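Trainee: Dumping the structure here so I can ask a few things about it.
The values are calculated or read from the model by the stated rules, or taken from the named source; none is laboratory data. Being a predicted model, the structure only gives us computed values, none of them experimental. Counting neighbours? That spans all protein chains shown, and the Cβs are built from the backbone with ideal geometry, glycine included.
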Amino acid sequence: MPSATQTAPAVAECQHCGAEVPPESGHCPSCGRLQRDRSTKITLAIALLLVLAGVILTQWFVSLHRQTELGLARRWFARGEQAMQAQLYKFAAEAYRTALNYDRENDEYRLRLAQALVADNRLAEAHAHLITLWAEEPANGEVNLTLARLEARRGHATEAVRYYNDAINSVWSDAPRRHRNETRLELARYLMQQRSPARAQAELLALLADAPTIPADQLMLAQMLLEVNDPEHSLQAFSALLTKDSGNAQAWLGESEAYLALGNYLEAAHAAAKAVDHDPKLEEARSQLELTREIARIDPAPRGLPLSERADRAARAFDTALTRLQACASQQHLDLAAPATAPANDASTGSAAAGVAAPNSLQLLYTSGLQKQADATAQALRKNPDAIDPTLQYVFEVENATVPICPEMSLADRALLTLAQHESEPPPK
């Protein structure tokens, strides 16, 4: 029997069924389940907390490492951008490649790397990156445009045009209309380089119908229409630009060139004067103004010109052409009065037996001019107006014949040459 000083052993209850469990037993005699004491629960809780803390810490370190990599990627990308602006394409490519190594899923870095490789003429490497991007997003405008430029460099015209058209019809992340217009202009320029002016003109007319709003695009469109010999639509584009920006000297100069191509010399002079007014330092405009004014002054065939004035202008043009012919011959050390002699044994002349070379074109023109001289005076032309057109035809022949031999010419000769070119060329489209 226990003494009064002894305490009865604590009776534990089963955690599951509530039955009494002897202190020394680890299992419930009633339900047989394992009994865990409080210390076990605490140990388990601490272990779980440590595991959770370890997971969180690991994730934090991984995130910190990733953020460090992304920061390095951005730094190398910025270096690549600076190198591209400085046209250091090799360094730019390496900088973009390093950025891509730190951020392998970044499509922008891959695209910029491909563009740098194209600029550095490393076309095979660039093509591999671009095809990867194109396979992931075939409707990406910038990817298609870069592929077009790459194929143009490789000399694959068909593929280049296809990618240019795909770029025009693709998706652009920002300012889609501006990008499409710029791409169409670039395609037209490429077609002109490929000597396909009709296809280039079709692209330009499509752009004209779309009416680009950016002044630089409008100006380039109008200038390129002039280059494909479409001054009428070019004039339309220049006029649309000048309606918005009447102080654009380049547009006034272009309008003058369009009017000149159309044979409207007075309007050409007016537009050139406007260009000079808005930019007195624009030398091309000054030269254009001088030329158009001179053409308007000497043109022998404007509508409504009296016969006497037409005869005077034709006579002056004849004198100018004859002077030009003599000056050019003098520069070439050629005696127009007598044909040059050749060595008797020189079979290449075709006249070795005679020992005399055939007269060249300048000598023939001079001989013809001497024959026409008496009938090409102002007084003779007034009496015989039918001789005016043959006289002018002779003038135009002289100007066309001398310009490849003697490129430097007076203002009057430049004006006559312009008239001659308009006379011989087909009318603008």
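Trainee: Of Ala202, Ala216, Ala206, which residue is in a helix (DSSP H, G or I), closer than 26 Å to Gly155 by Cβ and free of Cβ contacts under 8 Å to residues at least 12 places away in the same chain?
Mentor: After ruling out the rest, the residue left standing is Ala202.
Trainee: Among the residues of the stretch 208-262 satisfying the criterion of being under 18 Å from Thr183 (Cβ atoms) and of a type in the set (S, T, N, Q), which is modelled with the lowest pLDDT?
Mentor: In this case the residue turns out to be Thr213.
Trainee: Just to confirm my filter: which helices (runs of 4 or more DSSP H) fall fully inside the stretch 107-158 and include at least 3 residues that are under 21 Å from the mean Cα position of the chain (by Cα) and surrounded by fewer than 18 Cβ atoms within 10 Å (Cβ to Cβ)?
Mentor: Once the helices (runs of 4 or more DSSP H) in the stretch 107-158 are filtered for at least 3 residues that are under 21 Å from the mean Cα position of the chain (by Cα) and surrounded by fewer than 18 Cβ atoms within 10 Å (Cβ to Cβ), nothing remains.
Trainee: Now, a different point. Just checking, how many residues over the stretch 164-204 are farther than 15 Å from Asn140 by Cα, of a type in the set (A, V, I, L, M, F, W, C) and either buried (at least 16 other Cβ atoms within 10 Å of the Cβ) or under 12 Å from the mean Cα position of the chain (by Cα) (or both)?
Mentor: So the answer is 7.
Trainee: Then there's this: What's the number of the only condition in (1) assigned to a helix (DSSP H, G or I); (2) more than 17 Å from the chain's Cα centre (by Cα); (3) surrounded by fewer than 19 Cβ atoms within 10 Å (Cβ to Cβ) that Ala237 fails to meet?
Mentor: (3)
Trainee: What's the number of the only condition in (1) closer than 18 Å to Arg310 by Cα; (2) of a type in the set (A, V, I, L, M); (3) surrounded by 17 or more Cβ atoms within 10 Å (Cβ to Cβ) that Ala374 fails to meet?
Mentor: (3)
Trainee: Also, quick follow-up: Those residues that are within 17 Å of Ser287 (Cβ to Cβ) and surrounded by fewer than 21 Cβ atoms within 10 Å (Cβ to Cβ), I need them from the stretch 262-273; list them, please.
Mentor: His270, Ala273
Trainee: Enumerate the pairs (first residue in the stretch 147-158 and free of Cβ contacts under 8 Å to residues at least 24 places away in the same chain; second residue anywhere and in a helix (DSSP H, G or I) and surrounded by 14 or more Cβ atoms within 10 Å (Cβ to Cβ)) with beta-carbon separation below 7 Å, excluding pairs fewer than 6 apart on the same chain, so at least 6 apart or on different chains.
Mentor: Leu147/Leu130; Leu147/Trp134; Leu147/Tyr163; Glu151/Glu159; Glu151/Ala160; Glu151/Tyr163
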